[in-house]
Amino acid sequence: MQRRDKHNYYLDIADAVRNRSTCLRRSYGAIIVKNDEIISTGYNGAPRGRKNCNELGYCMRNKLQIPRGERYEMCRSVHAEANAIISAARRDMLGAVLYLVGREENGNLIENSSSCTMCKRLVINAGITTIIIRDTEDSFREIPVTQWIEQDDSLTDQMGY
């Protein structure tokens, strides 16, 4: 039996964390790892004490037919990356790696998945250096956070001005 490579091992754990997601639209799981130690985990779901979409029985973004990547303020969930960051001390995240797995409602992996603009900002400020995102059951993308800093998406012409 061949041993699973380390990145896929951690992505498998992030996928298991994802199973706690309460989102009806897409489920995400994230783990933060430093020096081969899991620092924290996170999945997408409503803030503590608020009702989750799975309890309400609907997703507002689906109801309003909001496309992927738009109008995140209409979502009840705190994203997986944000929840993982909230659960860790910054000193433990400096130089760490964040592993991210996302799946559609039907269980398929989300194509070209990435962190949203707000989560990118949180990752940068947390001091995390690398994001590893699952693309297939065995393949992934490794993104250096410096790339997100250099390609500053907050400077793009989002309003058409």
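The values are calculated or read from the model by the stated rules, or taken from the named source; none is laboratory data. In this text the structure is predicted, and so the values were computed from the model without any measurement. Every residue, glycine as well, gets a Cβ built from its backbone with ideal geometry; the counts of neighbours run over all protein chains shown. SASA here: full protein model, heavy atoms, side chains in, ligands and nucleic acids out. Shrake-Rupley method; radii C 1.70, N 1.55, O 1.52, S 1.80 Å.
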Quiz item: Straight-line reach from K51: which lysines have Cα under 20 Å away, leaving out those fewer than 8 places along the same chain?
Solution: K63
Exercise. Provide the gained length on full extension for the span T136 to L64, in nm with one decimal, where the gain is 0.36 nm per separating residue minus the Cα-Cα distance.
Key: 23.0 nm
Quiz prompt | the chain: relative contact order in percent, alpha carbon pairs under 8 Å with at least 6 residues between | solution = 23
Quiz prompt | Zero-based 10 Å bins, Cα pair distances in the range 86-136, whole percents | solution = 24, 47, 25, 4
Quiz item: Expressed as a whole percent, how much of the Cα-Cα distance distribution for the range 58-161 exceeds 15 Å?
Solution: 68
Quiz item: Highest GNM mean-square fluctuation, the chain, Cα pairs closer than 10 Å: which of D135, D36, D15?
Solution: D36
Quiz item: How far apart, in nm, are two points set 7 Å out from the Cα along the Cα-to-Cβ line at R50 and at N108?
Solution: 3.0
Exercise. Could you state the accessible area per residue of the range 1-131 in Å², with a 1.4 Å probe and every protein chain left in place?
Key: 57
Quiz prompt | the range 37-103: Cα Rg divided by the 2.2 N^0.38 Å rule of thumb | solution = 1.29
Quiz prompt | Selected from L94, L122, L64 as most flexible by GNM, with the chain as the system and alpha-carbon contacts under 10 Å | solution = L64
Quiz item: So, with +1 on the Cβ of K and R and -1 on the Cβ of D and E, and no other charges, what is the size of the charge dipole of the range 1-105 about its Cα centre, to the nearest 20 debye?
Solution: 300
Exercise. Give the cross-link partners of K34 among the lysines, using a straight C-alpha distance below 23 Å as the criterion and excluding same-chain residues fewer than 8 apart.
Key: K6, K120
Quiz prompt | 222 nm mean residue ellipticity, helices alone, for the chain (DSSP H n ≥ 4; -39,500 (n - 2.57); rounded to 500) | solution = -7500 deg cm²/dmol
Quiz item: From largest to smallest, what semi-axes in whole angstrom does the range 1-129 give when each is the square root of 5 times an eigenvalue of its alpha carbon gyration tensor?
Solution: 25, 17, 13
